[in-house]
Amino acid sequence: MKENKIWGETRLIWSGNNTETHQIKIKKGGYCSKHKHLYKYNLFYIDRGKLLIETWKENGIVDETLLIPGESTIVGPGQYHRFKALEQTNALEVYWVDLKEGDIIREDCGGLLKGKK
């Protein structure tokens, strides 16, 4: 499914098992909104072009990562970020949710019924 954006287009390649992969094509000079995801990680892998990834740190400092073909970077949940294409850029954008150990809350304990072995 292709979705047109003012900065280019995105096409869903895969969605399932807590992951999504999109192919994105970004026009030279195109950029997305400054945004964050509450639970999702976001990986950018560059196939063609140059993409600048801006991430905002808690202290207000903006970190910039310039990606060229064959390079990638990850933005974690809760981190404001934006991409800007310095050239016509093709990339893969992968989202996933990290399932962490300890995400279970127990109300009681398991066991064996009396008389059963």
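Values in this text are rule-based calculations from the coordinates and carry no lab data. A quick note: this is a predicted structure, and the numbers were derived from the prediction, not measured. Note that each Cβ is placed from the backbone with ideal geometry, even for glycine, and that neighbours are counted across all protein chains shown.
Annotations for the structure displayed:
- Matching option when the condition is under 24 Å from residue 37 (Cβ atoms), over 11 Å from the mean Cα position of the chain (by Cα), charged (D, E, K, R) and assigned to a loop (DSSP other than H, G, I, E, B), among 107, 87, 64, 58: 58
- Within region 13-30, considering residues that are among the small types (Gly, Ala, Ser) and part of a strand (DSSP E or B), the one surrounded by the fewest Cβ atoms within 10 Å (Cβ to Cβ): 16
- Residues of region 75-88 that are surrounded by 13 or more Cβ atoms within 10 Å (Cβ to Cβ) and either over 16 Å from residue 50 (Cα atoms) or polar (S, T, N, Q) (or both): 75, 76, 77, 79, 80, 81, 88.
- Residue list for region 1-12, filter: assigned to a strand (DSSP E or B) and either without any contact (Cβ under 8 Å) to a residue 12 or more places away in the chain or loosely packed, with under 10 Cβ neighbours inside 10 Å (or both): 2, 3, 4, 12
- Selection status of residue 92, part of a strand (DSSP E or B) and over 11 Å from the mean Cα position of the chain (by Cα): no
- A count restricted to region 31-46 and to residues that are over 12 Å from the mean Cα position of the chain (by Cα) and in a strand (DSSP E or B) stands at 2.
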